Ligand code: ATP
Ligand code: MG
Ligand code: MG
């Protein structure tokens, strides 16, 4: 079969490989890490840095189309590859999304609201921000994920200290908003402009890391979900985006919808699609990368996705490391386990997830409670 290319060797790349191989493609993964989850299942693992000219040339010459699994791929690398092969999403989209300052300004320009914020390039910028950005969150403009590179700041003085602690890198300072809930929209846009949407997921974070995503198949056409899908479409069209992308949203206590950030790839909150949708977000990424017809995003059932962090390997009472009780998880009807094959479990590290399916949300939630109990992770239906 044809070869597809993937820049990045993490779990998103691994699930992409599985989906691509099921459709008859071979996948070449570019990642420097010999132990990478995607490299281990790829048909070819090119062990080189994301900006290594030799590795990039090898990838481009082998593959008819190339995609990526993380936003921090050097945009220049995508540009280099694009002179030889198809690259989706394009460098221009990724360059905006990987810098919070450009990302926020861009989202605003499409008419979609964002949190009140200020770009911070130096200490003087903190002196000038309006008082109503406090209490706020200082976020490094680049390279943050899972809440890393962020600090809650109650006062201007705390913001100054946080900026110094970050080494003075470019940041955004945004107001801490009163959230009612969080949701996200995963969508795909093809080269001809056609777009498809998955039902939006309701997300719960713990310590800045996604913990739970929930989709009630009976509530797919709620007004707020339609509003979110329209906002995601405006953003995708503005970016002339080709590929799978996700927009994270906040729903405020007064009901307003605010865009938080864009991921130029499949998203953790879309992992539910692997079992609860006709076509998963990874198959969708394969299709859109390869220029095949977009897949069916219809839901098959309701679903609760529970993330499995490395914490699950540490016994709560003794603190000692042990293998989690997978047998108890697999004994729960409706539970589908996905592990990423990471070499070492560390606290806060994403190791896998469980999609718990149900004909109704109540059914999925009650089964998810059993899974959560088996893994000793908190979950309240
Ligand atoms: P990801 O892993 O999703 O890329 P990230 O490190 O880019 O995470 P954000 O998405 O910016 O971080 O923030 C992580 C979480 O922190 C959000 O999902 C939300 O729960 C909370 N949060 C972030 N910004 C705000 C805000 N302005 N007001 C209230 N809560 C916020
Ligand atoms: Mg992020
Ligand atoms: Mg986020």
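Every number in this text was worked out from the coordinates using simple rules, so none of it is lab data. Note that the structure is predicted; figures quoted are calculated from it, not measured. Neighbour counts are summed over all protein chains in view; Cβ atoms, including those assigned to glycine, are modelled from backbone coordinates with ideal geometry.
Brief remarks on what is shown
- Contact order normalised by residue count of the range 80-186, Cα under 8 Å, 6+ apart, percent: 30
- Over the range 72-221, the pair-distance histogram of Cα-Cα distances with 10 Å bins from zero comes to 10, 30, 34, 20, 6, 0 percent, rounded to whole numbers.
- Solvent-free Debye scattering, log10 I(q)/I(0), computed from the Cα coordinates of the range 116-175 at q = 0.19 Å⁻¹: -0.54
- For the chain, the mean projected area of the C-alpha convex hull, equal to one quarter of the hull surface, is 18.8 nm².
- Average Cα contact separation per residue, the range 1-127, under 8 Å, 6 or more apart, as relative contact order %: 21
- Calculated over the range 342-381, the projected area of the Cα convex hull averaged across directions stands at 3.3 nm².
- Taking only alpha carbon atoms, the range 204-263 gives an Rg to Rh ratio of 0.98, where Rh is the Kirkwood radius.
- Working from label points 7 Å from Cα in the Cα-to-Cβ sense, the residue 316 to residue 347 distance is 1.5 nm.
- Taking the helices alone, the chain has a mean residue ellipticity at 222 nm of -8500 deg cm²/dmol, built from -39,500 (n - 2.57) per DSSP H run of at least 4 residues and averaged over all its residues.
- With N the number of residues in the range 3-87, Rg(Cα) / (2.2 N^0.38 Å) evaluates to 0.93.
- Length gained when the stretch residue 323-residue 160 is fully extended (0.36 nm per residue, less Cα-Cα span): 54.4 nm
- Å³ per residue enclosed by the Cα convex hull of the range 175-280: 106
- Annotation: peptides 322-333, 20-31, 131-142, ranked by per-residue average of other Cβ atoms within 10 Å with the highest first, follow the order 20-31, 131-142, 322-333.
- Whole-number D in µm²/s for the range 179-375 (Stokes-Einstein; Kirkwood sum over Cα pairs; 20 °C, 1.002 mPa s): 123
- For residue 23 and residue 79, the difference between the fully extended length at 0.36 nm per residue and the C-alpha to C-alpha distance is 17.4 nm.
- Distance from the alpha carbon centroid of the range 301-333 to that of the range 17-90 works out to 32 angstrom.
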